[in-house]
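Where a number appears in this text, it was derived from the coordinates with a stated rule and is not lab data. This structure is a prediction, so every number in the text was calculated from the model and none was measured. Neighbour counts run over all protein chains shown; Cβ positions are idealised from the backbone, glycine included.
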Amino acid sequence: MRVVQFTGPAADASNTEIVERADPTPGEGEVLIDVTHAGINFKDILMRRGDRAYVPQWPIVPGIEVVGTVTALGAGTAAELQGQRVAGFLACGGLAEKVCVPADLVTGVPESVDSAVAAAVPTAWATAELLLRHLPSGLAGPDAPSRVLVHSAAGGVGQALAALAPLHGVDELVGVVGSASRVDTAAAWGYPTVLVRDDGWQRKLTGPFDLVLDPLGSKELGADLELAAGGGTVLLFGNAGGAAPAPLPDPAGLMSSNVSIGGFSIATTSTQQPRLVADAMDTVFRAVAAGRVRPEVVLRNGIDQVPATHDALAGGTAPGKYVVAFG
Ligand SMILES: NC(=O)c1ccc[n+]([C@@H]2O[C@H](COP(=O)([O-])OP(=O)(O)OC[C@H]3O[C@@H](n4cnc5c(N)ncnc54)[C@H](OP(=O)(O)O)[C@@H]3O)[C@@H](O)[C@H]2O)c1
């Protein structure tokens with residue numbers, strides 16, 4: 001089988017190669033998937049540039065979401081998975097023609113859902129679903145309006161958050177993007193208000209927001225906290241720029257403002273509570289099959305398209321969620 005591998009850290013595709021490897025064999029609790037489609041994610045870029053937390057050793061095969069057919073079962077897995085078209089989440093190794101995935105992180109793809117669309121679900125859409133489950137209702141009460149602020153609104157996760165927010169009862173949704181050229185994309189995904197992250201962007205908003213979703217490390221944390229409602233949460237879920245995190249703010253300020261700062265990682269959730277990730281995938285697939293949300297993907301054909309697709313994502317100007325079909 002062919003795989004995409006990174007041989008060392010690089011800002012571009014110079015250390016990316018497509019190589020032959022022996023087919024894997026599923027271990028206990030795993031299934032083997034013949035991959036037809038794989039999602040491309042920003043985590044691939046964090047691995048490619050060598051962010052320490054993401055690369056235990058070189059070479060490494062990136063890729064965290066796949067769709068395909070189950071062709072072999074490891075011990076302890078359900079017989080009915082054999083031959084099923086499934087979507088799966090994995091910590092890494094997904095940009096390969098065959099992958100072993102824990103059966104707990106695999107879910108059936110409804111017949112009406114296209115495989116290319118399905119490949120956007122295990123990471124970007126499941127992450128969005130799980131992030132929105134952090135909407136606090138305790139202090140404000142379950143019927144209070146829910147207001148959500150989303151950074152990097154024009155990206156893959158941003159698209160999914162805009163589509164899923166109404167299903168979580170969000171009344172007010174604001175997207176923030178890094179440049180003016182990204183405003184139209186975020187608006188097209190469904191953000192009624194889109195703001196460019198320029199100096200003092202937070203002063204253009206009245207807030208307050210019950211949930212602030214921020215994948216930008218800690219650089220906007222001060223602004224996020226200014227905009228968070230009492231009882232609200234700022235949820236940090238990425239570090240796109242890769243800068244060293246700043247020290248956390250004064251705890252006394254957090255106490256007096258009744259605001260929480262939290263973190264989220266779908267990779268950690270997949271090891272600690274794998275069924276939660278599978279449940280999020282199922283929830284999204286049900287919504288897609290019912291026509292309540294419609295993921296859009298930018299399709300690339302062939303595993304050899306992966307390096308250039310990574311370049312496009314690394315530039316921060318991707319027109320949406322990339323999926324590669326393995327011919
Ligand atoms: N914690 C989790 O479980 C989890 C799961 C999935 C994704 N994520 C994170 O969520 C974010 C979105 O992921 P995605 O896969 O959908 O990718 P994406 O949104 O297509 O791309 C990442 C976005 O990061 C922003 N960005 C800021 N600084 C950047 C830089 N130096 N280089 C490139 N982009 C930069 C850009 O948006 P703006 O410039 O408009 O802000 C860009 O659209 C990423 O940071 C990713 O790591 C986290």
Next on the checklist: Could you list TYR322, TYR54 so that the one with the fewest beta carbons within 10 Å of its beta carbon is first and the one with the most is last?
Outcome noted: TYR54, TYR322
Next on the checklist: Nearest 5 percent is fine: what portion of the DSSP beta bridges confined to the chain is antiparallel?
Outcome noted: 55 percent
Checklist outcome for this item: Given all pairs of distinct Cα atoms, the chain yields a Kirkwood Rh in Å of 20.2 Å
Item to check | Charged-residue dipole, Cβ positions (Lys, Arg, Asp, Glu), the chain about Cα centre, Debye nearest 20 | outcome: 260 debye
Next on the checklist: Please list, ordered by chain and number, the residues whose modelled amide H lies under 5 Å from the amide H of GLY316; skip anything fewer than 5 residues away on the same chain.
Outcome noted: none
Checklist outcome for this item: Rounded to the nearest whole number, the per residue volume of the convex hull around the C-alpha atoms of the stretch 135-263 in Å³ is 101 Å³
Checklist entry - trypsin sites (Lys or Arg not before Pro), restricted to the stretch 237-308: which are DSSP loop and have at most 16 other Cβ atoms within 10 Å? => result ARG292
Item to check | Ranked ILE45, ILE64, ILE18, ILE33, criterion: other C-beta atoms within 10 Å, fewest first | outcome: ILE18, ILE45, ILE64, ILE33
Item to check | C-alpha long axis of helix 274-289 to longest principal axis of the chain, angle in ° | outcome: 90 degrees
Checklist entry - Where does the chain land at 222 nm, in deg cm²/dmol rounded to the nearest 500, when only DSSP H runs of n ≥ 4 count, each adding -39500 (n - 2.57), divided by all residues? => result -6500 deg cm²/dmol
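Please count, across the chain, the pairs of lysine residues with Cα atoms under 23 Å apart that sit 8 or more places apart or on different chains.
5
Could you line up CYS92, CYS100 from fewest to most neighbouring Cβ atoms inside 10 Å?
CYS92, CYS100
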